[in-house]
1. For K344, work out the one condition from (1) of a type in the set (D, E, K, R); (2) loosely packed, with under 11 Cβ neighbours inside 10 Å; (3) over 19 Å from P257 (Cβ atoms) it doesn't fulfil.
2. So which residues in the stretch 254-276 are more than 17 Å from S228 (Cβ to Cβ) and of a type outside the set (S, T, N, Q), if there are any at all?
3. Name every residue in the stretch 167-214 that is outside any helix (DSSP H, G or I), within 16 Å of L145 (Cα to Cα) and in contact (Cβ under 8 Å) with a residue 24 or more places away in the chain, in order of residue number.
4. For the stretch 231-241, give me the residue count where each residue is free of Cβ contacts under 8 Å to residues at least 40 places away in the same chain and crowded, with 17+ Cβ neighbours inside 10 Å.
5. Quick one: what pairs do we get from the stretch 84-112, first residue among the acidic types (D, E), second surrounded by fewer than 21 Cβ atoms within 10 Å (Cβ to Cβ) and not in a helix (DSSP H, G or I), C-beta under 9 Å, 6+ apart or different chains?
6. Taking helices (runs of 4 or more DSSP H) that do not extend beyond the stretch 93-166, which have at least 2 residues that are more than 21 Å from the chain's Cα centre (by Cα) and of a type outside the set (S, T, Y)?
7. For the list (1) of a type outside the set (G, A, S); (2) out of contact with any helix residue (DSSP H, G or I) (no Cβ under 7 Å at 6 or more places or on another chain); (3) surrounded by fewer than 16 Cβ atoms within 10 Å (Cβ to Cβ), I need the number of the one condition that Q128 fails.
Amino acid sequence: MKEVGSLGVDEGRKMVSKKSKENRYQRLSDEIDLDEKWFPLLDYLSTFGLKDSHFVQMYERHMLSFQINVCSARERLDYLLSVGVKQRDVRRILLRQPQILEYTVENNLKSHVAFLMGLGIPNSRIGQIIARAPSLFSYSVENSLKPTVRYLIEEVGINEHDLGKVVQLSPQILVQRIDISWNTRYMFLSKELGAPRDSVVKMVKKHPQLLHYSIDDGLLPRINFLRSIGMRNSDILKVLTSLTQVLSLSLEENLKPKYLYLVNELNNEVHSLTKYPMYLSLSLYQRIRPRHRFLISLKKAPKGPFPLGSLVPTDECFCQQWAGTSLDKYLAFRQKLLLKEFAKKYEK
């Protein structure tokens, strides 16, 4: 009798547990055709911060990923964590590439990680590459990824030793139609600016994201803006070869305000940008304005064009070479200026 009773208790517990799971996923079952066999997997994935809305996204993107048993899923995600993927990035990876739960460690994950290491990517960066381009696991190493690398070396002209750096800057370069991306952007820059091939190769090495940018909505408006402020094609080419990330900066929130500050406040001509293209990459509120205002407050700013060279060094070097004051004094001044700016913004 005692055994029967204990069995009854166990069965009762199972029933309660099953019922609570059904209640737990009630909202989810209203959205998708939920199978109770998926509950252990959903419980496990919940430990990475996935909620019902995330499961709906995964289901709509790739329903078959829910048919993986929890042990296999755990083995695969444990492997990704072991090669440097951060716990906090697992959710983002699963939302973008739920198929990753289907990829076995031995036949897929290990070979792709070995491929990345073979490019010269250090172990410490592998996890970041996976988090930024999880879709690379869906591409064959032999039939897709290696041919892309060969194309980058043989056709584009990127040095084999630079490949690891290029992939770290933009892992997506491995999973796009590189021949089309390269040819269209090279032809555009060549025709638009008279850019020689080696200049475009330099741009890709420094900022491979260039190969993802739209020509009509990304490259052309920024080139036209630089023309509109008085730059010739040869100047624009110098700036882009030196600082290709200019092509990623917002026109309204970044390039235009910095240009206006350059001519109206710093009393510089536009041609100074060819000597100091880095000016365009510096923060207006965190670097340019505070240093300019600080030197004015110390009466150390020249009457003519403000020296853009003072904006380039680190805060420590700036204080020693240009301001002749302590770093603490400058940081306190900058903080006060930022707070004023912040208050002004919220008064509007």
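1. (3)
2. E265, L266, K275, Y276
3. S170, Q176
4. So the answer is 2.
5. E102/H62; E102/I68
6. In the stretch 93-166, 110-118, 146-151 are the helices (runs of 4 or more DSSP H) which contain 2 or more residues that are more than 21 Å from the chain's Cα centre (by Cα) and of a type outside the set (S, T, Y).
7. Condition (3) is where Q128 drops out.
Coordinate-derived values only; no laboratory data. Treat the numbers as computed from the prediction; the structure is a model and nothing was measured. Quick reminder, even Gly has a Cβ in these numbers, built from the backbone with ideal geometry, and neighbours come from all protein chains shown.
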